[in-house]
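One structure is given below, encoded as structure tokens.
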Amino acid sequence: MTVGNRYWVALFSQLLVLSASVILFLIPIYLLWSHITFEQNHLSNYKPHVVALILARGGSKGIPKKNLAEIQNSTLLRRSLDTINKCGLFQDIWVSTDDKEIAAEAELGGAKVFHRNAATASDEATSLSAVKEFSMYHQKVDIFAVIQCTSPFMTVEYLTRAYRMAVHQKFDSVFSVTRSHKLRWKLDSDGQLQPSNFDVTKRPRRQDWDGEYVENGMFYFAHKKLIVNNKLQGGKLGVVVIPMNRSLEIDTPFDLQAARLLAPLLDTSKNTTENSSQITKKSQVN
């Protein structure tokens with residue numbers, strides 16, 4: 001082999017080694033980039049697992065079997081389930097109960113039944129303890145929408161608004177409230193009355209202030225991380241303001257009678273609003 005040929009062979013060998021080194025250097029970079037891209041696409045397309053959960057124990061005291069009380073020939077439980085089903089946003093709909101009649105009504109309404117432990121269905125148990133019990137058996141759930149069926153005038157619109165805030169706007173918890181303009185008083189440590197939310201020398205007129213938010217118990221959307229840490233509310237908080245006339249919460253026989261009187265008016269209004277909303281959705285799709 002001549003000197004010239006040896007030169008070209010050596011040069012080719014060096015180029016071959018250099019090319020192999022570059023390729024070996026780029027392979028892990030490419031693999032890392034592919035992994036990052038995959039994760040980004042996965043996160044951008046990820047849809048959290050959101051379930052609707054109704055807590056409906058059988059041992060209510062003020063109104064026995066309150067969750068099965070009827071308004072407009074439909075139980076309170078079925079009214080809530082019908083609204084949740086019409087909303088159509090939840091991956092699953094569950095009713096947590098310790099009662100066979102309530103369980104049967106839940107299944108007739110298209111819900112799955114979680115058989116609640118006696119300890120979390122007692123008079124002393126909190127709603128949070130029941131949600132936490134449910135979460136222990138459903139660890140894939142990301143967001144719990146805890147819905148109270150004793151709020152008979154809930155609408156698809158309110159649920160949809162809360163869902164979007166929790167899922168799309170990334171609120172950690174979203175709950176329903178009513179705006180109140182009541183002037184409140186409280187007893188101080190000496191037993192004397194003191195104004196709680198206003199200055200007696202500057203009593204506000206209703207139109208001069210926005211009022212206060214008062215929970216009405218209709219629903220609570222909470223991310224799993226809150227439930228794990230024994231909270232229904234926390235982190236980035238959001239509220240859905242419910243009009244006073246739809247914020248009725250049934251605790252007493254008087255509340256139930258009031259709801260029965262209001263239902264013919266409010267249900268007609270609700271159906272009109274929901275039908276208009278469905279027409280709008282269909283138009284957007286077409």
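The values are calculated or read from the model by the stated rules, or taken from the named source; none is laboratory data. Quick caveat: nothing in here was measured; it's all calculated off a predicted structure. Cβ coordinates were reconstructed from backbone atoms using ideal geometry, including for glycine residues, and neighbour counts include every protein chain displayed. Keep in mind that these areas ignore ligands, DNA and RNA; they rest on the heavy atoms of the full protein, side chains included. Shrake-Rupley method; radii C 1.70, N 1.55, O 1.52, S 1.80 Å.
Here are a few things to note about the model shown:
- Of all positions in the stretch 172-180, at least one carries a residue that is touching a His at 6+ places or on another chain (Cβ under 6 Å) and closer than 30 Å to Ala56 by Cβ.
- Pairs are defined by a Cβ separation below 7 Å, a sequence spacing of at least 6 or placement on different chains, a first member in the stretch 235-262 that is more than 14 Å from Pro152 (Cβ to Cβ) and open to solvent by less than 60 Å² (accessible area, probe 1.4 Å), and a second member that is among the hydroxyl-bearing types (Ser, Thr, Tyr) and not in a strand (DSSP E or B); the pairs so defined are Val240/Tyr158.
- Selection status of Asn216, open to solvent by 20 Å² or more (accessible area, probe 1.4 Å), outside any helix (DSSP H, G or I) and either polar (S, T, N, Q) or at pLDDT 95 or above (or both): no
- Residues satisfying the stated conditions in the stretch 161-182, i.e. of a type in the set (Val, Ile, Thr) and within 13 Å of His223 (Cβ to Cβ): Val167, Val174
- The listed residue being in a helix (DSSP H, G or I), crowded, with 18+ Cβ neighbours inside 10 Å and in contact with a Cys (Cβ under 9 Å, 6 or more places away or on another chain), out of Tyr158, Tyr163: Tyr163
- Of the residues making up the stretch 180-201, not one is part of a helix (DSSP H, G or I) and either touching a residue at least 24 places away in the same chain (Cβ under 8 Å) or under 28 Å from Ile143 (Cβ atoms) (or both).
- Scanning the stretch 193-212 for residues that are closer than 19 Å to Val241 by Cα and among the hydrophobic types (A, V, I, L, M, F, W, C) gives a single hit, Trp209.
- Filter pass, Tyr30 being within 30 Å of Leu232 (Cβ to Cβ), open to solvent by 40 Å² or more (accessible area, probe 1.4 Å) and at pLDDT below 95: no
- If you check Val177, Val131 for being touching a strand residue (DSSP E or B) at 6+ places or on another chain (Cβ under 8 Å), closer than 14 Å to Leu226 by Cα and not in a loop (DSSP other than H, G, I, E, B), only one passes: Val131.
- Pairs are defined by a Cβ separation below 8 Å, a sequence spacing of at least 6 or placement on different chains, a first member in the stretch 72-85 that is within 17 Å of Leu266 (Cβ to Cβ) and without any contact (Cβ under 8 Å) to a residue 40 or more places away in the chain, and a second member that is acidic (Asp, Glu) and surrounded by fewer than 16 Cβ atoms within 10 Å (Cβ to Cβ); the pairs so defined are Ser74/Asp82.
- Residue match in the stretch 269-280 (condition: modelled with pLDDT of 95 or more and small (Gly, Ala, Ser)): no
- Exactly one residue out of Glu124, Glu107, Glu101 is touching a strand residue (DSSP E or B) at 6+ places or on another chain (Cβ under 9 Å), among the acidic types (Asp, Glu) and open to solvent by 50 Å² or more (accessible area, probe 1.4 Å): that is Glu107.
- Of the residues making up the stretch 168-201, those that are loosely packed, with under 11 Cβ neighbours inside 10 Å and hydrophobic (A, V, I, L, M, F, W, C) are Leu187, Leu193, Val200.
- Residues of the stretch 54-75 classified as in a loop (DSSP other than H, G, I, E, B) and either crowded, with 20+ Cβ neighbours inside 10 Å or of a type in the set (S, T, N, Q) (or both), total: 6
- Selection status of Arg78, open to solvent by 40 Å² or more (accessible area, probe 1.4 Å), farther than 25 Å from Ser173 by Cβ and of a type in the set (D, E, K, R): yes
- The condition of being part of a strand (DSSP E or B), surrounded by fewer than 19 Cβ atoms within 10 Å (Cβ to Cβ), touching a residue at least 12 places away in the same chain (Cβ under 8 Å) and not charged (D, E, K, R) holds for only one of Val95, Val51, Val113, that being Val113.
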